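Let me begin by presenting the structure, written as structure tokens, before commenting on it.
Every read-out reported here was derived from the displayed coordinates using simple, explicitly stated rules and does not represent laboratory data. Just so we're clear, the structure is a prediction, and the values are computed from it rather than from any experiment. Positions of Cβ are backbone-derived with ideal geometry, glycine not excepted, and every protein chain shown enters the neighbour counts.
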Amino acid sequence: MFLLGIGEILEEWTHKKSVDDLARSMSLNISRVWLLSEGREVLVDTEKVRPGDQVVLRMGNVIPFDGVVVEGSGAVNQSSMTGESLPVAKEKGGYVYAGTVLEEGQLIVCVKESSGSNKYEKIVRMIEESEKLKSNAEGKAARLADRLVPYTLFGTALVYLLTRNVSKALSVLMVDFSCALKLAMPVSVLSAIREAGSYGITVKGGTFLEKAAEADTIIFDKTGTLTKARPTVVSVVPFGEESPEELLRIAACLEEHFPHSMARAVVHAASERGLTHEETHSRVEYIVAHGISSMIDGRKVVIGSYHFVFEDEGCEIPEGRKEQFDGLLEEYSHLYLAIEGKLAAVICIEDPLREEAAFVVAALRKAGFSKIVMMTGDSQRIAGSIALKVGVDEYYSEVLPEEKADFVKKERASGRKVIMIGDGINDSPALSAADVGIAISDGAQIAREIADITIEADSLSGLVTLRTISRGLLGRIRRNYIQIVGINSGLIFLGITGRIQPTTSAMAHNVSTLLIGLESMKNLVKQAEQR
């Protein structure tokens, strides 16, 4: 009873740690919002907001609820939801999603879906009530332990009937397999979940660690997973007499006043190249989600989208430069700069690849994955370029969310065990369809909630660590079974043959059980490195 009590304490502590990690990973961490009430803005707790209420959102705010824009305009970064690396314009009537970010402008949103009254309690209930979250090995050990109890009692009675020796009969009773099984297996699983949490990996149940260890196919989403979802300037293509450096200087001079993702990319590129400037422009006029207009040295300068520069402002491509314009690489996003009604430059922007992506893909292949796939909604050209750099076995472009899910189901139907990795709402169907769905921690709220495992956004190397922990856990469980059966069978044999007394059997049994339990709490990654 003392040993079982220790086991329950260890299990409860590790369980609570896992729940805390999960709660932190799934929470939007928005406690208060500005509620529009009787024409006034009132700061209230998010728990008090109900569907139909109107909330005011300003530049830089994370959108806390799903809703419809009733007033204002802005640009929303929803790359985690749709895979688009550039902000999306939102005006009256537009729909916004919880977890996305308002990068420009101001919106008044009518709430359609409010969050639960207590997110933490919802997560706790999900973990405690859902049997599917339990490890298969943990469940098998518990069932085996329960089934062994009658056999232990029967064995005790049989030995007494055959030997008429109370001490020999008690030797069987004092050495019971169920105690060690019920202590070591849950501790092994929960300790692995705790260890994963220390590496920024949140696992919702032991069964997902087992499935991650057995998986042979891994599927990556591209945007925000293999790439950073942070726009970066690749080149400046001039269409006039000014040099690329001068044109980038002018662009940065205007864009630095508006901290959205495209503007930050331009300003950062100018800073990296050591381009400084004086504030020579007049008042900057900003058209939300379209572009910027100003006067520099008496010349009108506009910068923004194709629609803004060519359609709204009526700018033209310089004579003789149409062929150059048509030859711009489609794999990049384009920001247009025009001076005095003529296109002066096109700034090419890309979503850069994560530095560790190629290394992680190679490490996963070495760790036993026989098929590594990339799927994206981007064009064939962009997808092919990324796939070549990363080194995946297969890639698919211009894929819809339901097509990702269908591919996962097809792979599973063919007998493969599949891990899906994504960060957006568009990845959610595939995350749900996979044997194990893995979400990026700064991805969409729904993706994190549907996913079975969440990894930190800083680095994909957590995937390699996850594989190490999951495979180490299966090896540890196998070793525990062998040790428990071997040690206790030996003690029973020694007791029946009269070699040792029941008190000695009990002591050896309890000590071995405790040692196996303590061994089950050791870090798997460190043990793998030592091997």
Charge dipole (debye, nearest 20) of region 232-350; +1 at Cβ of Lys and Arg, -1 at Cβ of Asp and Glu: 200
Tensor-based shape of region 232-350 (alpha-carbon gyration tensor, a/c under 1.5 rounded, otherwise prolate or oblate): rounded
Net charge of neighbours whose Cβ lies under 15 Å from the Cβ of T217, counting Lys and Arg as +1 and Asp and Glu as -1: +2
Calculated FRET efficiency for the pair D45/C110, C-beta based, R₀ 25 Å, to 0.05: 0.85
Largest to smallest principal axis extent of the C-alpha atoms in region 293-421, angstrom: 67, 29, 26
Gain in span if fully extended, K389 to L329, counting 0.36 nm per residue against the direct Cα distance: 19.8 nm
Efficiency of FRET from Cβ geometry, S370 and E71, R₀ 60 Å, rounded to 0.05: 0.65
Long pairs among K90/K389; K300/K322; K182/K526; K48/K222, criterion Cα-Cα beyond 30 Å: K90/K389; K48/K222
